[in-house]
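Presented below is the structure to which this report refers.
The values are calculated or read from the model by the stated rules, or taken from the named source; none is laboratory data. Since the structure is predicted, the reported quantities are computational estimates derived from the model, not experimental observations. Using ideal geometry, Cβ is built from the backbone for each residue, glycine included, and neighbour counts are taken over all protein chains shown.
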Amino acid sequence: MVRPDRGKKEMRAVRFFALTLSVLVMMPGLALAADRGKLEEFLEVTGFDVALESIRLSASSAPDMLGLEAEAFGTEWTRLTTEVFATDVMHDLALDLLEKTLEDDLLTHAADFYATDLGQRLVVAENSSHMSEEGELKDESGEAIIAGLARIDSTRLDYLERMNAASDSAGTAVRAIQEVQVRFLMAAAGAGVIELQLEEPDLRALLETDEDAMKAEIEANALIGSAYTYQAFSDAEVLEYAEALENPKMRKVYDLMNAVQYEVMANRFEALAVAMQRLQPSQEL
């Protein structure tokens, strides 16, 4: 088990880490393509590299999860995360996975929607939100928007909830985030960055004890993020987007997109754990 004097602290860090990742992935975003040439063209049109690059922002919570302080690394931490989360590396990982799994008819369906005027405007708004570092301001603004919508009993809240549910139609967010955390912690232990007092099955069981609370927080944060991101769109446009995401073909695209993004995250966090051994002596978790 986690040491009693550190258990609560580490679980808070784990949950913070999980929520950081979930905000990046649960927000409706970019559709992807099948054939390599079509993939490259489609990623250029949609700006998928922006979504991939935003994964690097989640690395800021990694030291907290290990009981370390990012500030202690100084510029070395920035250099390390820039190297590990290089956009071209994540881009190639995503392309390799998508090339093998996404069918042309799904590509065409998603591409047709994102090629519309509404689709392109949505991409611009989502890319801007993905890369914004004003997290606290976004949260406060999103919460204020939700409070205002609730006061007038606006149907827009229902549209936003439908949008978020559709973009994670397989319901995999919590389990996928747990998988990223397990792979990161086990890699850090294997690299000697931390001394983990848990076997992998026990670590998974510990994370599962917080599953319901984590799911509720993820859903709440996704709603806040969506309220902020889509504030410039009309109710009719938000409903149109929700309905587009609820289409069975688009759901399949998003199930695959989520799986690919989480796999890229897990791969890069494992690489980060190994790279951290150059910066930090072992600590006990």
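Things worth noting here:
- Some residue of the range 190-204 being surrounded by fewer than 17 Cβ atoms within 10 Å (Cβ to Cβ), within 27 Å of GLU270 (Cβ to Cβ) and within 15 Å of the chain's Cα centre (by Cα): no
- All conditions but one from (1) farther than 25 Å from ASP139 by Cβ; (2) at pLDDT below 85 apply to ASP64; the one that does not is (1).
- For the range 149-169, the criterion of being of a type in the set (S, T, N, Q), surrounded by 17 or more Cβ atoms within 10 Å (Cβ to Cβ) and under 16 Å from LEU239 (Cβ atoms) is satisfied by at least one residue.
- Some residue of the range 107-115 being modelled with pLDDT of 90 or more and either touching a helix residue (DSSP H, G or I) at 6+ places or on another chain (Cβ under 8 Å) or surrounded by 15 or more Cβ atoms within 10 Å (Cβ to Cβ) (or both): yes
- Test: residue in the range 261-271 that is surrounded by 21 or more Cβ atoms within 10 Å (Cβ to Cβ) and at pLDDT below 85: yes
- Flag for THR229 being polar (S, T, N, Q), in contact (Cβ under 8 Å) with a residue 60 or more places away in the chain and out of contact with any strand residue (DSSP E or B) (no Cβ under 6 Å at 6 or more places or on another chain): yes
- Of all residue pairs spaced 6 or more apart or on separate chains, those with beta-carbon atoms under 6 Å, a first member in the range 62-79 that is over 11 Å from MET276 (Cβ atoms) and a second member that is modelled with pLDDT under 75 and assigned to a helix (DSSP H, G or I) are ASP64/ALA13; MET65/ALA13; MET65/VAL14; MET65/PHE17.
- Counting only helices (runs of 4 or more DSSP H) that fall entirely inside the range 172-285 and contain at least 3 residues that are in contact with a Lys or Arg (Cβ under 8 Å, 6 or more places away or on another chain) and over 30 Å from ASP92 (Cβ atoms), the qualifying elements are 211-229, 235-246.
- The condition of being over 20 Å from ALA216 (Cβ atoms), in contact (Cβ under 8 Å) with a residue 12 or more places away in the chain, part of a loop (DSSP other than H, G, I, E, B) and not acidic (Asp, Glu) holds for SER154.
- The range 205-247 - residue that is surrounded by 18 or more Cβ atoms within 10 Å (Cβ to Cβ) and of a type in the set (Ser, Thr, Tyr) and, of those, nearest to ALA176 (Cα to Cα): SER226
- Search result, residues across the range 207-221 that are at pLDDT below 90 and of a type in the set (A, V, I, L, M): LEU207, ALA213, MET214, ALA216, ILE218
- One residue stands out in the range 79-92 among those that are at pLDDT 90 or above and surrounded by 17 or more Cβ atoms within 10 Å (Cβ to Cβ): the one that is nearest to LEU43 (Cα to Cα), namely MET90.
- Selection over the range 157-171 of residues that are assigned to a helix (DSSP H, G or I) and acidic (Asp, Glu) gives a count of 2.
- Per-region count, the range 110-143, residues under 15 Å from ASN221 (Cβ atoms) and part of a helix (DSSP H, G or I): 11
- Residue in the range 237-247 that is of a type in the set (A, V, I, L, M) and within 23 Å of LEU196 (Cα to Cα) present: no
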